[in-house]
Amino acid sequence: MKKFKVLYLASEVAPFSKAGGLADVIGALPKSLKGLNQEIRMMIPKYKFINERKYVLREVIRLREIPVELNGQQKVASVKSAFLPDSKVQIYFIEIEDYFNRPGIYTDPKTNKPYEDNAERFAFFAKAALETLKKLSWQPEIIHCNDWQTAFVPVYLKTEYMNDPFFKGVKTVYTIHNLTSQGEFETDMAKKIDFDESQTQEGGMFNKEGKLNLTKGAIYFSDFISTVSENYAHEILEDSTLGFGFSKLLQDKEDKFEGILNGVDYSVWSPDNDKLIPYRYDKEKMDGKTENKKTLLNRLGLTYDEKIPLFGMVSKISKHKGIDIILDSIDALMKMKIQLIIYGDGDRDLVKALMKKGEQYKDKMVVNVTYDDKIEHLILAGSDFYLMPSKYEPCGLNQIYSLRYATIPLVSAAGGLFDTVEDIDMDEGDGTGFLVEPLDKANMVEAVQRAVKLYENKELFNKIRQEIMDEDFSWDISAKRYVDVYDRLVNEE
Ligand code: GLC
């Protein structure tokens, strides 16, 4: 395999900083790329809460106090370095006192609102990253960006830095992880982030519906766009609702746009070596799974009963994740002999409504907004079924994790869910999960009924849940596809 110099940029990376599935991907794909002999380095903001001791972050003397200019104002960035755990992938953490030394990644935990200067924060990060490369004298062939927080880089490279010989020939790849969050700001932001103001006007490269739109800028200026599953790529091209206004733009770039399914880092997400769950288990020895279920129920004050299936969910609480469908169906679901655990935070009203239902059905349902890694792993390991009825899901990772934990997923057919879960046929005795399609209350209730029925058929239930543990979504194949993309870009013209 050919070797390329790749800089990988993102706003979050597991286990250092995680707001969602993005962090898991950022913490995993570079390891696989390194395994494919790529020369890859990463740059990530150094947030206040990143534990420097625990993760052994080291100061890089020659990368101290790098001057960076934005909107005529100078600030300094300093760089600390560490490795992705269990790997030789180097991460440069970019420290910018005024912008990242805060308790939240995107939102202020006190107000639950996005930081008002988010565009400036990440614009500055982008410039600091480019300046750091120069200081390092390390010239990547590819800069691979992820989501709008890094959309500035493809733009700057083809505007402000266009004539900078250091970046001559550098190609950019931009991965869309989620089109619901596009980086949308008022047009007067352009000046503050050194964007061409005229392009924020109607018909301009950053203008979308009267706003400055960073995703649009990234799509325009990047040399290649990818997204995180094939079905999602297809959806956003073909369905203008799911394309959120980008279908046409992406169709125009179709030969430069591809869906590449996310993989899973099984060194983190596998019940036989998961350090975060109390009982480890594998296909041959499944009793650990039952013990995890008992522990989980006990912790949440629910009673264990062998005959009652447990449905688990860890999710952002939003309509996109189908929480409204769950709320609509909840009374019908609670008539069944099931238990339900939902963990997550998000939309205030939906959280309130869920909590109310949790209170009403407290002997069989628990809703909790405090989330951490440990409980996520325990819910994946201890549940019998995993719920993910998203309206919109570029890839989705938890349904893929749940397969490995022998927890049967119950999902909608959106985006990557469709690419990773195959509907169970009880007569044939095959499939890997339950599809709710189309996603509505009646089908949701019916899918849970089917799941309960499967649970009652112990033999088939055990057969299927053991089989799904063999599903393999490791990164190898997808990482190779990214290297192919790099190859094409570096060798084109
Ligand atoms: C976003 C998407 C999710 C995807 C993840 C990683 O969080 O919503 O579907 O799995 O990014 O790409």
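The values are calculated or read from the model by the stated rules, or taken from the named source; none is laboratory data. Just so we're clear, the structure is a prediction, and the values are computed from it rather than from any experiment. Note: ideal-geometry Cβ built from the backbone for every residue, glycine included; neighbour counts use all protein chains shown. In case anyone asks, the SASA skips ligands and DNA or RNA and just uses the protein heavy atoms, side chains included. Shrake-Rupley method; radii C 1.70, N 1.55, O 1.52, S 1.80 Å.
Please enumerate the residues belonging to the range 10-35 that are small (Gly, Ala, Ser) and out of contact with any Cys (no Cβ under 9 Å at 6 or more places or on another chain). Give the steps one after another, and end with the answer.
Initially, the range 10-35 is screened for residues small (Gly, Ala, Ser), giving 10-11, 14, 17, 19-21, 23, 27-28, 32, 35.
Scanning the range 10-35 gives 11, 14, 17, 19, 20, 23, 27, 28, 32, 35.
Residue by residue through the range 234-256, note down the ones that are within 16 Å of the ligand (Cβ to nearest atom), open to solvent by 10 Å² or more (accessible area, probe 1.4 Å) and outside any loop (DSSP other than H, G, I, E, B).
If the condition is that a residue be within 16 Å of the ligand (Cβ to nearest atom), open to solvent by 10 Å² or more (accessible area, probe 1.4 Å) and outside any loop (DSSP other than H, G, I, E, B), then 234, 235 are the ones that fit.
Any residue that is over 23 Å from residue 315 (Cβ atoms), open to solvent by less than 10 Å² (accessible area, probe 1.4 Å) and at pLDDT 95 or above - is there at least one of those in the range 450-461?
The answer is yes, given that some residue of the range 450-461 is over 23 Å from residue 315 (Cβ atoms), open to solvent by less than 10 Å² (accessible area, probe 1.4 Å) and at pLDDT 95 or above.
Just to be sure I understand, how many residues within the range 139-158 are within 16 Å of the ligand (Cβ to nearest atom), open to solvent by 10 Å² or more (accessible area, probe 1.4 Å) and not in a helix (DSSP H, G or I)?
Residues in the range 139-158 being within 16 Å of the ligand (Cβ to nearest atom), open to solvent by 10 Å² or more (accessible area, probe 1.4 Å) and not in a helix (DSSP H, G or I): 1 in total.
Output the residues belonging to the range 287-308 that are open to solvent by less than 30 Å² (accessible area, probe 1.4 Å) and farther than 21 Å from residue 453 by Cα.
Residues satisfying the conditions are 288, 292, 296, 297, 302.
Taking residue 292, is it in a helix (DSSP H, G or I), closer than 19 Å to residue 343 by Cβ, in contact with a helix residue (DSSP H, G or I) (Cβ under 8 Å, 6 or more places away or on another chain) and not assigned by TED's automatic domain parsing to the domain that holds residue 26?
Yes, satisfied.
Do we have any residue at all in the range 28-40 that's small (Gly, Ala, Ser), without any contact (Cβ under 8 Å) to a residue 40 or more places away in the chain, within 16 Å of the ligand (Cβ to nearest atom) and assigned to a helix (DSSP H, G or I)?
no
Among 378, 327, which is the only one that is part of a helix (DSSP H, G or I), touching a residue at least 24 places away in the same chain (Cβ under 8 Å) and open to solvent by less than 10 Å² (accessible area, probe 1.4 Å)?
Result: 378 is the single residue among 378, 327 that is part of a helix (DSSP H, G or I), touching a residue at least 24 places away in the same chain (Cβ under 8 Å) and open to solvent by less than 10 Å² (accessible area, probe 1.4 Å).
Tell me, which residue of the range 383-430 that is among the acidic types (Asp, Glu) and either in contact with a strand residue (DSSP E or B) (Cβ under 8 Å, 6 or more places away or on another chain) or not assigned by TED's automatic domain parsing to the domain that holds residue 296 (or both) is farthest from residue 230 (Cα to Cα)?
Only one residue tops the list, namely 384.
Look at residue 349 and say whether it is part of a helix (DSSP H, G or I), within 13 Å of the ligand (Cβ to nearest atom) and of a type outside the set (A, V, I, L, M, F, W, C).
Working: part of a helix (DSSP H, G or I): yes; within 13 Å of the ligand (Cβ to nearest atom): no; of a type outside the set (A, V, I, L, M, F, W, C): yes.
Criteria not met by residue 349.
Give 277, 260 a once-over and let me know the one that is in contact (Cβ under 8 Å) with a residue 12 or more places away in the chain, away from the ligand (no atom under 16 Å from the Cβ) and either open to solvent by less than 20 Å² (accessible area, probe 1.4 Å) or small (Gly, Ala, Ser) (or both).
Working: 260 fails: away from the ligand (no atom under 16 Å from the Cβ).
On inspection, the qualifying residue turns out to be 277.
Of all residues in the range 181-219 being part of a helix (DSSP H, G or I) and touching a residue at least 60 places away in the same chain (Cβ under 8 Å), which is farthest from the ligand (Cβ to nearest atom)?
191
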